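The values are calculated or read from the model by the stated rules, or taken from the named source; none is laboratory data. Note that this is a predicted model, so its numbers are computed, not measured. Cβ coordinates were reconstructed from backbone atoms using ideal geometry, including for glycine residues, and neighbour counts include every protein chain displayed. Each accessible area value is taken on the protein alone, full model and side chains, heavy atoms only, with ligands, DNA and RNA left out. Shrake-Rupley method; radii C 1.70, N 1.55, O 1.52, S 1.80 Å.
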Amino acid sequence: MQTIPLDIQADADHAIVWANDRLYLLDQRVLPAEESYLELQSAEQTATAISDMVVRGAPAIGITAAFGVVLAGRRCYAEFGGDWKSHIHSELDTLAASRPTAVNLFWALKRMKRLIADMGAEDPVPSLLSEARKIHEEDIAANRTMGEFGAGLIEGPTSVITHCNAGALATGGYGTALGVIRSAHAAGKIEMVYADETRPWLQGSRLTAWELARDNIPVTLLTDGAAASRMAWGGVGWIIVGSDRIAANGDVANKIGTYSLAVAARHHGVKVMVAAPTSTIDMNVASGADIPIESRDPAEVLCCGGRQVGAADVPAWNPVFDVTPAALVDAIVTEKGVVRLPDTKKMADLMT
């Protein structure tokens, strides 16, 4: 991977770009201080970019993986010609191993695998690229639909709290939770967005605040521990978050800290909205207890800005996600519609 200047304005709606027969990712690790793109030319590089958090957010991970399959197809065809299908599956396995919780990754790879199964010995790149672009375009359209559905739930004017980053950066464009916020703000329903800083990667302070400020949407940062107190002061009508995987019963896996936010919201009478495409819903997982939760290097908690801040020889527990029970969720908003007070039957009805 190498940092490359691109002849486009770096913004959240262009975080994933296919150009010059290559994949370019806006490097989210260095935002907002630096706006730069990384050039990827292989499935292995793509998997590394996903693992290293160059790109994050379940929908964006799925889209990126789909373009990674294009790169895999190109390499295998160049090296093995008509026998490319016999060699591509190891590269798909590499992509699948990059992040375990984001179900959109596996959804996108499954869709690309179905296409591969129907292909012959011809050059796979044109067909694979067309499918990856469809996945990307469909995600943007779904987000805009979700934005309207979610905004329709907000009576306003009110303030909202969001956690982590579920904006355009985390998707193909427009965003899930931030898509709802964008639509609701445009309708005059949102006065202020409070963004949790979201330790340890600070996606709220670095990414969500950057996106909202770029869109001229009023935003104020909160430390993660301040959210409950802000709710107690009043004026907050909704918690609006995204999701990395939703179980068949409506349990929601999202960035660590979402569960405690939902518990505090219930105590203060604040509603909780989860905005996510149906590709994030995993009907093969009965409940949140069955969702694999990724853990990352404890150094992410023990260090900040490249410096050790934790006490020496003290370990850290660093799960990336937690599970919010469906009982704490007021609405799941998808491109197919809204599920209020989700349960197993309502989720099944949505997905049929």
Candidates Gly82, Gly73, Gly167, ranked by Gaussian network fluctuation over the chain, Cα under 10 Å, top entry: Gly82
Probe 1.4 Å - accessible area at Asp297, Å² to nearest ten: 90
Net charge of Cβ neighbours under 12 Å - reference Val272; Lys, Arg +1; Asp, Glu -1: +2
Exposed-loop-free span, longest in the chain, where GluC sites (Glu not before Pro) count as exposed if DSSP calls them loop and at most 11 other C-beta atoms lie within 10 Å: 156-352
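How big is Rg to Rh over region 1-139, alpha-carbon atoms, Rh as the Kirkwood inverse-mean-distance radius?
Ratio value, two decimals: 0.96.
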Percent of beta bridges antiparallel (DSSP, region 144-351, rounded to nearest 5): 40
Whether region 144-351 is rounded, prolate or oblate, judged on the alpha carbon gyration tensor where a/c under 1.5 counts as rounded: oblate
GNM result for the chain, Cα springs below 10 Å: residue of Pro32, Pro126, Pro100 fluctuating most strongly: Pro126
Label point distance in nm, Asp118-Glu294, each placed 7 Å from Cα along Cα→Cβ: 3.0
Most fluctuating residue given options Ser279, Ser295, Ser51, as computed from a GNM of the chain linking Cα atoms under 10 Å: Ser295
Counting DSSP beta bridges with both ends in the chain, the antiparallel % (nearest 5): 55
Net charge contributed by nearby residues that have their C-beta within less than 9 Å of Glu197 (K/R +1, D/E -1): 0
Cut-off under 5 Å, modelled amide H: who pairs with Ile161 long-range: Tyr194, Trp238, Ile239, Ile240
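Would you work out what percent of the accessible area of the chain, with all protein chains in place, is carbon or sulfur (probe 1.4 Å)?
53
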Accessible area (Å², 1.4 Å probe, nearest 10) - Lys346: 80
Helix runs (DSSP H) in the chain reaching 18 Å along axis by Cα, Kyte-Doolittle at least -0.5: 58-80, 103-117, 125-151
Rg/Rh (Cα only; Kirkwood hydrodynamic radius) as it applies to the chain: 0.97
Local electrostatic count, Pro342, Cβ distance below 10 Å [Lys/Arg +1, Asp/Glu -1]: 0
Shape of region 163-214, Cα gyration tensor, a/c cut at 1.5: oblate
Per-residue HN-Hα couplings for region 193-201 [Karplus 6.51, -1.76, 1.60; θ = phi - 60°; Hz; x = Gly/Pro]: 10, 9, 9, 4, 5, 6, 6, x, 8
Accessible area per residue, Å², the chain with all protein chains present, probe 1.4 Å: 40
Where labels lie 7 Å past Cα in the beta-carbon direction, separation of Val263 and Ala96 in nm: 3.6
Cα pair distances in region 22-74, grouped into 5 Å bins until the bin that holds the longest one, percent each: 4, 23, 33, 24, 12, 3, 1
